[in-house]
Amino acid sequence: MLDKAIAITDEIAKRTDEVILFHSASGKDSIALLDICAPRFKRVVCVFMYVVKNMEHINRYINYARKKYPNCEFVQIPHFAVFSYIKYGYMGHWKDQKTKLQTMATLTDMVRKKMGIQWALYGFKQSDSLNRRCMLRTYEMEAICEKSKKAYPLSHYKNKDILEYIDRRGLIRPECYGKGQSSGQNITDLDYLLYIRDKFPQDLHKLYEEFPDCERLLFEYDYEEKKKKEESEKNESD
């Protein structure tokens with residue numbers, strides 16, 4: 001039941017009674033990590049980084065978390081990628097070349113200053129990538145960086161471990177686009193676009209308002225699917 005994650009979180013709780021948790025709302029790591037953090041801290045400030053603000057399919061996860069954990073609160077800020085999208089006019093977004101680019105580190109510092117909280121927690125795992133494995137293995141308990149006051153309680157786990165924890169705890173299931181798990185608001189991922197078109201069409205309209213070229217991606221997909229269907233029907237008739 002993620003015993004190492006609990007031990008790491010308990011260690012952080014010895015040093016502070018409030019933390020910042022970067023929370024993707026609908027992702028499995030965030031769902032599990034908030035469930036571990038909530039009983040161990042007086043205050044948990046969840047930071048959701050949005051690509052498109054106020055999406056219904058995201059808000060339902062945020063509302064779930066607020067109701068389940070009374071000591072958690074949510075702060076919403078633009079994802080660090082959004083600043084690049086604005087600067088270069090990505091996917092038809094209105095352009096402002098004077099926009100200052102941001103990183104996870106600069107956004108973390110901004111939230112720390114605003115909320116008055118030093119320790120920040122993330123859902124990074126060693127199994128995510130080679131770079132993360134190399135980074136995390138240099139830290140205390142392979143998860144705690146005292147110097148930067150950052151911690152990664154899920155460091156030792158794989159995706160299947162997180163999903164098993166969610167099931168055993170009876171938590172809300174993570175979002176699933178297509179055959180895979182949520183990878184956040186990836187606005188060029190066809191599985192994501194098809195999902196919100198089918199389930200949350202009002203969210204698709206919000207997406208188009210910010211990134212109008214996403215409509216072209218779905219148009220091209222529909223065109224290719226129509227061609228495939230017509231060719232298949234023609235072959236069957238022949």
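Once the Cα atoms are used to define both axes, helix 159-169 deviates from the longest principal axis of the chain by about 70 degrees. For Lys100 and Ile6, the difference between the fully extended length at 0.36 nm per residue and the C-alpha to C-alpha distance is 30.1 nm. Result for the chain in a Gaussian network model with C-alpha springs under 10 Å: among Gly184, Gly170, Gly123, the largest mean-square fluctuation is at Gly170. Based on C-alpha pairs under 8 angstrom that are at least 6 apart in sequence, the chain has a relative contact order of 22 percent. Karplus-derived 3J(HN,Hα) values for segment 194-203, using 6.51 cos²θ - 1.76 cosθ + 1.60 with θ = phi - 60°, are 5, 4, 6, 5, 7, 9, 9, x, 5, 5 Hz; glycine and proline are entered as x. Residue-wise HN-Hα couplings along segment 89-98, as the Karplus relation 6.51 cos²θ - 1.76 cosθ + 1.60 with θ = phi - 60° gives them from phi, are x, 5, 6, x, 4, 4, 9, 9, 5, 7 Hz; Gly and Pro carry x. Taking R0 as 35 Å, what FRET efficiency do you get between Lys158 and Arg15 from their Cβ-Cβ distance, rounded to the nearest 0.05? Plugging the Cβ-Cβ distance into 1/(1 + (r/R0)^6) gives 0.80.
Between amide H atoms placed 1.01 Å from N, distances below 5 Å from Tyr177 occur with Ser182, all of them 5 or more places distant or on a separate chain.
Scalar couplings 3J(HN,Hα) for segment 120-136, obtained by applying the Karplus form with A = 6.51, B = -1.76, C = 1.60 to θ = phi - 60°, are 10, 10, 9, x, 5, 10, 4, 6, 5, 6, 5, 4, 5, 4, 5, 5, 5 Hz; x denotes Gly and Pro.
Grab the beta carbon distance between Lys147 and Met110, set R0 = 22 Å, and tell me the FRET efficiency rounded to 0.05. About 0.70, to the nearest 0.05. Taking amide H as placed 1.01 Å from N in the peptide plane, Ser148 has no amide H partner under 5 Å among residues 5 or more places away or on another chain. With viscosity 1.002 mPa s and temperature 20 °C, the Kirkwood radius over alpha carbon pairs of segment 3-183 converts through Stokes-Einstein to a diffusion coefficient of 125 µm²/s.
As a rough guide to protection, the peptides 26-33, 132-139 ranked by mean Cβ packing within 10 Å, highest first, stand as 26-33, 132-139.
Fully extending the segment from Asp191 to Thr138, taken as 0.36 nm per residue of separation minus the present Cα-Cα distance, adds 15.5 nm. Normalising the average separation of contacting C-alpha pairs (under 8 angstrom, six or more residues apart) by the number of residues puts the relative contact order of segment 2-122 at 26 percent.
Note on Glu224/Val75: beta-carbon distance plugged into 1/(1 + (r/R0)^6) with R0 of 35 Å gives a FRET efficiency of 0.30. Helix 214-237 sits at what angle to the longest principal axis of the chain, using alpha carbons and giving 0 to 90 degrees rounded to 10? The helix 214-237 is inclined about 50 degrees to the chain. Each peptide in 48-60, 220-232 gets a packing score, the mean of other Cβ atoms within 10 Å over its residues, and the list from highest to lowest is 48-60, 220-232. Extending 7 Å from Cα along the Cβ direction at Lys42 and again at Ser129 yields two label points whose distance is 3.7 nm.
Of the peptides 3-12, 147-156, 99-108, the ranking by mean beta-carbon count within 10 Å, highest at the top, reads 147-156, 3-12, 99-108.
Between amide H atoms placed 1.01 Å from N, distances below 5 Å from Tyr50 occur with Ile77, His79, all of them 5 or more places distant or on a separate chain.
Across the options Gly89, His23, Ile172, the greatest Cα extent toward the positive end of the charge dipole of segment 3-183 (unit charges at beta carbon of Lys, Arg, Asp, Glu) belongs to Gly89.
Throughout, read-outs are computed from the coordinates displayed, never taken from laboratory work. Predicted, not measured: the structure shown is a model, and the values here were computed from it. Please note: Cβ atoms are built from the backbone with ideal geometry, for glycine as well, and neighbour counts cover all protein chains shown.
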